[in-house]
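The values are calculated or read from the model by the stated rules, or taken from the named source; none is laboratory data. This structure is a prediction, so every number in the text was calculated from the model and none was measured. In this analysis, Cβ positions are derived from the backbone assuming ideal geometry, glycine residues included, and neighbour counts consider all displayed protein chains.
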Amino acid sequence: MKTFYSRPGCSLCDKAEILLQEAGIPYEKIDISNHPELEAEFGWEIPVLLDGDQVLLKGIFVQDDVKELRE
């Protein structure tokens, strides 16, 4: 399962989440605003999608990049 870091009110996060859902990619969504350590690590880079400790995507998600994750 992948982890999707976001925060409320983030338009990039909203768009990224739509792309993930459309591509059928399962993920656990975590609001980093409730986690100071995650806010410090990823605050300027969200949205961020991880697989374990590996960052798969961050910032602006592009449909082609998201689709590649399914393959």
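Is there a residue in segment 15-25 that is polar (S, T, N, Q), modelled with pLDDT of 95 or more and out of contact with any helix residue (DSSP H, G or I) (no Cβ under 6 Å at 6 or more places or on another chain)? Yes: segment 15-25 contains one or more residues that are polar (S, T, N, Q), modelled with pLDDT of 95 or more and out of contact with any helix residue (DSSP H, G or I) (no Cβ under 6 Å at 6 or more places or on another chain). The set of residues in segment 57-71 being within 12 Å of Lys15 (Cα to Cα) and surrounded by fewer than 13 Cβ atoms within 10 Å (Cβ to Cβ) consists of Gly59, Ile60, Val62, Gln63. Restricting segment 1-21 to residues that are part of a helix (DSSP H, G or I) and free of Cβ contacts under 8 Å to residues at least 24 places away in the same chain leaves a set whose member that is farthest from Lys67 (Cα to Cα) is Ser11.
Taking segment 43-61 as the range and being hydrophobic (A, V, I, L, M, F, W, C) and touching a residue at least 12 places away in the same chain (Cβ under 8 Å) as the test, the residues that pass are Ile46, Val48, Leu49, Leu50, Leu56, Leu57, Ile60, Phe61.
For segment 5-56, give me the residue count where each residue is among the aliphatic types (A, V, I, L, M) and loosely packed, with under 12 Cβ neighbours inside 10 Å.
The qualifying residues number 1.
Mind checking which residues of segment 22-42 are assigned to a loop (DSSP other than H, G, I, E, B), touching a residue at least 24 places away in the same chain (Cβ under 8 Å) and farther than 16 Å from Gln63 by Cβ? Matches in segment 22-42: Pro26 only.
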